[in-house]
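Below is one structure, written out as structure tokens; the observations come after it.
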Amino acid sequence: MEKSEKQVLQVAKEVVIKFIEVGRISPSNFGQNFDVIYKDIMRTITGQTAGDGSREAELAERADAE
């Protein structure tokens, strides 16, 4: 894992912890939210989307699943 990936992971972890503390994220939806937060931070820092799809494609998939 590269240094930038470790930094993104750490920031995403801290953001998720804050969201859990204020009740915006629960254990039941942790995985779904962490993935989106991680990818958004990765894109912000590097200018590239982590993973295969774009953010819009991910949101469309989530909307279809709900």
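Just a few scattered comments:
- Residue-count net charge about E5 - beta-carbon cut-off 14 Å; Lys, Arg +1, Asp, Glu -1: +4
- I25 long-range amide H proximity, modeled H, under 5 Å: I20
- Cβ-defined net charge surrounding E21, 13 Å radius [Lys, Arg +1; Asp, Glu -1]: +2
- Projected label points at E14 and M1, each 7 Å from Cα along the beta carbon direction, are separated by 1.5 nanometres.
Bear in mind that the values in this text are calculations on the coordinates, not laboratory data. Here the structure is a predicted model, which is why all the values come from computation and not from measurement. Positions of Cβ are backbone-derived with ideal geometry, glycine not excepted, and every protein chain shown enters the neighbour counts.
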